[in-house]
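Chemist: I have a structure I would like to understand better, so I am pasting it below and will then ask my questions one at a time.
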Amino acid sequence: MVEREWLEPDGLGGFASGAASGIRSRRYHALLLAARTPPTDRFVLVNGLEVEVVTPAGRFALSSQRYTPDVIAPDGFNRVVDFQTEPWPTWRFKLEDGTEVIQELFAVHGSPRVVMRWKLASTPTPIQLELRPLISGRDYHDLHHENPAFRFEAEVRGEAVRFEPYPGVPAITMLANGRYEPSPCWYRAFLYEHERERGLDFVEDLAAPGILHFDLTERSAVLILSAETPAEVSLQMPAQLAAEDLAKNELRRRRRFESRPSARAADSYLVTRGSGLTLMAGYPWFTDWGRDTFIALRGLCLATGRIVEARAILLEWAGAVSEGMLPNRFPDRGVSPEYNSVDAALWFIVAVHELWLSAGNELGEDDRKRLSEAVEAILEGYAKGTHHGIGLDHDGLLAAGEAGLQLTWMDAKVDDWVVTPRIGKPVEIQALWLNALAIGARLANRTGGGSGARWSTLHDRGTTAFRDRFWNEERGCLFDVVDCDHRRGQNDSSFRPNQIFAVGGLPFPILEGPRARQIVDAVQSRLLTPVGLRSLAPGEPGYSPHCQGGPRERDGAYHQGTVWPWLIGPFVEAWVRVRGGAPNVKKEALERFLGPLQKAAEAEGGHLFEIADGDLPHTPRGCPFQAWSLSELLRLEAQLK
């Protein structure tokens, strides 16, 4: 059974996350994880807490840790009687003497801070609370081990306690309405089960500088963790008042969004980059990827009415076009983005088109000009030819790829092994390219540009070539790649979900009529699962039923049968299209295909996982909070109303 996880992002790339049981199972589970240069350069500062309460009946733990070789101690998880994610993670503990304690936690949007509160839910009795913070001060991808360089010393000023664990690491400020007692020691050999399952290092040591003592008898206990001195909350301000103000503001902010948890969860992926906005691809380990951003923007922003945010994101990225390409990823450190994707720029054009339709007059002339110029630059760059073999071929289709490089969304690579190279003319890239040409022609005509006729001519030529060259008569579906390795007539007939984009998932279908219906039926028969589409059909060479094991095993299976929830979007859209799109068809699609994903999102505070096993029971894997998985669910819900 997969344990429920929770997520509290701060809007800057940092976040708090953990498990419902309180037992940390990932290196990324932490109470204070902050981005030094939002949304990247992230540090784990406060990993967790040891929590105990003392009543007349004795001492009881509220926390639990897993240690090597496989020991859980203390036993706080046994006292959790309820866990909720709304409006933020909240636990109810029941002690053996009948005392009930509520613990809640929320991140403060726009600031690297987390607020935690404990209060009695039962009749007050004399009760003390003791918290021992567990600290590292490490890069969020690394692990921490006992060493003599850690600084245990704290600076205490009133209710504020400040730590500087290492030079060059963000300082930690703890504002608490309790008494701090220095008591330095090391807690050794924490075991992170998810890391062990993923074949990675999984043991960590954490520093415990001291203990915070609280009296819960008359008031709540408050702990505010910050990666910097809070600018708007003076360290002289009582912690309890500060927490109350922050809670009111945060609750008001969250209630601005729709009542559905999934619609509110969309806000988690909107983060600051420089003076603008971007979208995180997922938590806990992804940052902002170009391809993911433009796919996810359609559901997370446009389908939920976040037009202002969508505009800001696309304008931020519009300035990054280089020789027709957009970066697929901004690295965590350094300033050089990585231009290694053929489809990121094409998805950008699709997102611009849908913003244009959604925004109406909210999109000013200057914005339209900047976005149109970016679209034009992409089309010009691709038509002329750019890096990595990307360029217009004589048939009007787009060739792409070179040895040793992965350019499509099926981008797994292990050392020098590109698992699915797909060099040549991948099917979904052609669907995107033809949509981009159609959009470019429309934008040029609307803005008075002179290239509209050119893009329209190329679109018609490419569409004819697509319909002639991609149909696999023998299998009654589309080839996944034609002209493999740039050799004309050499085609890849692997049965993959990429062909669905010729019918659904994009503004303009490339195929209609009987062939479109045949594709949808074949995809439904061979690839559809309750939680998305398989990336390769069972029975195909290389099919992997489970995505688990070490990095090589997982990456080798990533696009070889693993289920991707985000692909449910183009499939359902195609399914509805080939059936005419009537209201009764939409209703049937909503009831038939979205129920399991809606149920999964409801259980995870509105979020959806990245991938799942291809075979039953389709166990969720990969990133537990994935932007485009949630986005496509939201986009479908809006379309099928």
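The values are calculated or read from the model by the stated rules, or taken from the named source; none is laboratory data. A quick note: this is a predicted structure, and the numbers were derived from the prediction, not measured. Backbone-built Cβ (ideal geometry, glycine too); neighbour counts: all protein chains shown. These accessible areas exclude ligands, DNA and RNA; they are computed on the full protein's heavy atoms, side chains included. Shrake-Rupley method; radii C 1.70, N 1.55, O 1.52, S 1.80 Å.
Chemist: Condition first: of a type in the set (Ser, Thr, Tyr), modelled with pLDDT under 95, buried (at least 19 other Cβ atoms within 10 Å of the Cβ) and part of a loop (DSSP other than H, G, I, E, B). Can you find one or more residues in the stretch 73-95 that meet it?
Modeler: For the stretch 73-95, residues of a type in the set (Ser, Thr, Tyr), modelled with pLDDT under 95, buried (at least 19 other Cβ atoms within 10 Å of the Cβ) and part of a loop (DSSP other than H, G, I, E, B): present.
Chemist: Whether any residue in the stretch 50-61 is under 24 Å from residue 203 (Cβ atoms), open to solvent by less than 50 Å² (accessible area, probe 1.4 Å) and touching a residue at least 24 places away in the same chain (Cβ under 8 Å) is what I want to check.
Modeler: yes
Chemist: Do we have any residue at all in the stretch 232-249 that's farther than 30 Å from residue 411 by Cα, basic (Lys, Arg), modelled with pLDDT of 90 or more and assigned to a helix (DSSP H, G or I)?
Modeler: yes
Chemist: In the stretch 14-29, what residues are small (Gly, Ala, Ser) and either open to solvent by 10 Å² or more (accessible area, probe 1.4 Å) or touching a Leu at 6+ places or on another chain (Cβ under 9 Å) (or both)?
Modeler: 14, 16, 17, 18, 20, 21, 22, 25
Chemist: Test of understanding: among 573, 540, 591, which residue is of a type in the set (Asp, Glu) and open to solvent by 50 Å² or more (accessible area, probe 1.4 Å)? So that I can check it myself, show each step before the final result.
Modeler: Working: 573 fails: open to solvent by 50 Å² or more (accessible area, probe 1.4 Å); 540 fails: open to solvent by 50 Å² or more (accessible area, probe 1.4 Å).
Among 573, 540, 591, only 591 is of a type in the set (Asp, Glu) and open to solvent by 50 Å² or more (accessible area, probe 1.4 Å).
Chemist: Please go through the stretch 111-135 and give me each residue that is open to solvent by less than 30 Å² (accessible area, probe 1.4 Å) and β-branched (Val, Ile, Thr), ordered by number.
Modeler: Once the filter is applied, which keeps residues that are open to solvent by less than 30 Å² (accessible area, probe 1.4 Å) and β-branched (Val, Ile, Thr), the stretch 111-135 yields 114, 115, 127, 135.
Chemist: Could I ask something else about it? Scan the stretch 491-505 and report the pairs whose first residue is open to solvent by less than 10 Å² (accessible area, probe 1.4 Å) and whose second residue is of a type in the set (Asp, Glu) and part of a helix (DSSP H, G or I), with Cβ atoms within less than 8 Å and a gap of 6+ or a chain change.
Modeler: Every condition considered, the pairs that remain are 498/428; 499/428; 501/428; 502/428; 504/573; 505/573.
Chemist: Follow-up. If residue 543 satisfies every condition in (1) touching a helix residue (DSSP H, G or I) at 6+ places or on another chain (Cβ under 8 Å); (2) within 30 Å of residue 194 (Cβ to Cβ); (3) outside any helix (DSSP H, G or I) but one, which is the exception?
Modeler: (1) is the only condition that residue 543 fails.
Chemist: Filter the stretch 599-622 down to the residues that are surrounded by fewer than 18 Cβ atoms within 10 Å (Cβ to Cβ) and under 20 Å from residue 262 (Cα atoms), then identify the one that is farthest from the chain's Cα centre (by Cα).
Modeler: Of everything passing the filter in the stretch 599-622, 599 is farthest from the chain's Cα centre (by Cα).
Chemist: Given (1) at pLDDT 95 or above; (2) within 28 Å of residue 122 (Cα to Cα), identify the lone condition not met by residue 14.
Modeler: Going through the list (1) at pLDDT 95 or above; (2) within 28 Å of residue 122 (Cα to Cα), residue 14 breaks only (2).
Chemist: Within the bounds of the stretch 203-210, is there any residue that is in a strand (DSSP E or B) and more than 18 Å from residue 73 (Cα to Cα)?
Modeler: yes
Results for (1) under 30 Å from residue 547 (Cα atoms); (2) out of contact with any His (no Cβ under 8 Å at 6 or more places or on another chain); (3) of a type in the set (Lys, Arg), shown as yes or no for each residue.
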site	(1), (2), (3)
130	no, no, no
135	no, yes, no
172	no, yes, no
188	no, yes, yes
201	yes, yes, no
204	yes, no, no
209	no, yes, no
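Chemist: Give the stretch 420-465 a look and list any residue that's aliphatic (A, V, I, L, M) and closer than 22 Å to residue 389 by Cβ, or say none.
Modeler: 423, 427, 429, 431, 432, 434, 436, 437, 458, 465, listed by residue number.
Chemist: Please give the helices (runs of 4 or more DSSP H) falling wholly within the stretch 264-373 in which 1 or more residues are among the hydroxyl-bearing types (Ser, Thr, Tyr). Talk me through it step by step, then tell me what you get.
Modeler: Working: elements: 290-297, 307-318, 344-359.
Passing ranges, in order: 290-297, 344-359.
Chemist: Another question, if that's okay. Considering only the stretch 12-24, I want to know if a residue exists there that is within 17 Å of the chain's Cα centre (by Cα), small (Gly, Ala, Ser) and not in a strand (DSSP E or B).
Modeler: There is at least one residue in the stretch 12-24 that is within 17 Å of the chain's Cα centre (by Cα), small (Gly, Ala, Ser) and not in a strand (DSSP E or B).
Chemist: Go through the stretch 507-537 and report how many residues are surrounded by 22 or more Cβ atoms within 10 Å (Cβ to Cβ) and hydroxyl-bearing (Ser, Thr, Tyr).
Modeler: Final tally of qualifying residues: 1.
Chemist: Now for a separate question. Can you name the residue in the stretch 157-186 that is under 35 Å from the mean Cα position of the chain (by Cα) and among the aromatic types (Phe, Trp, Tyr) and is also surrounded by the most Cβ atoms within 10 Å (Cβ to Cβ) among such residues?
Modeler: Top of the filtered list is 163.
Chemist: Looking at 476, 424, can you tell me which residue is over 34 Å from the mean Cα position of the chain (by Cα) and open to solvent by less than 50 Å² (accessible area, probe 1.4 Å)? Reasoning before the result, please.
Modeler: Working: 424 fails: over 34 Å from the mean Cα position of the chain (by Cα).
Within the list 476, 424, the selection yields 476.
Chemist: If I filter the stretch 123-130 for residues that are among the β-branched types (Val, Ile, Thr), assigned to a strand (DSSP E or B) and modelled with pLDDT under 95, do I get at least one hit?
Modeler: no
Chemist: Kindly indicate whether residue 588 is without any contact (Cβ under 8 Å) to a residue 12 or more places away in the chain and charged (D, E, K, R).
Modeler: yes
Chemist: Would you pick out the residues in the stretch 187-212 that are open to solvent by 40 Å² or more (accessible area, probe 1.4 Å) and touching an Asp or Glu at 6+ places or on another chain (Cβ under 8 Å)?
Modeler: 187, 188, 199, 201, 202
Chemist: If you don't mind, another one. Show the residue pairs that are 6+ apart or on different chains and have beta-carbon atoms under 9 Å apart, the first residue being within the stretch 106-120 and closer than 14 Å to residue 228 by Cα, the second being among the polar types (S, T, N, Q) and open to solvent by 40 Å² or more (accessible area, probe 1.4 Å).
Modeler: Close Cβ pairs satisfying both conditions: 108/249; 110/272.
Chemist: Let me spell it out: the conditions are (1) more than 27 Å from residue 7 (Cα to Cα); (2) among the basic types (Lys, Arg); (3) in contact with a Ser or Thr (Cβ under 9 Å, 6 or more places away or on another chain), and residue 534 meets all of them except one. Which number is the exception?
Modeler: With respect to (1) more than 27 Å from residue 7 (Cα to Cα); (2) among the basic types (Lys, Arg); (3) in contact with a Ser or Thr (Cβ under 9 Å, 6 or more places away or on another chain), residue 534 is out only on (1).
Chemist: Check whether at least one residue in the stretch 139-155 is modelled with pLDDT of 95 or more, assigned to a strand (DSSP E or B) and within 34 Å of the chain's Cα centre (by Cα), and report yes or no. Please lay out each step first, then the result.
Modeler: Of all residues in the stretch 139-155, those modelled with pLDDT of 95 or more come to 139-154.
So of that shortlist, the ones also assigned to a strand (DSSP E or B) come out as 139, 154.
Next cut, within 34 Å of the chain's Cα centre (by Cα) only: 139.
For the stretch 139-155, residues modelled with pLDDT of 95 or more, assigned to a strand (DSSP E or B) and within 34 Å of the chain's Cα centre (by Cα): present.
Chemist: Please work out which one of (1) closer than 23 Å to residue 42 by Cβ; (2) surrounded by 15 or more Cβ atoms within 10 Å (Cβ to Cβ); (3) among the aliphatic types (A, V, I, L, M) is the condition residue 154 fails and give its number.
Modeler: That leaves (1) as the condition not met.
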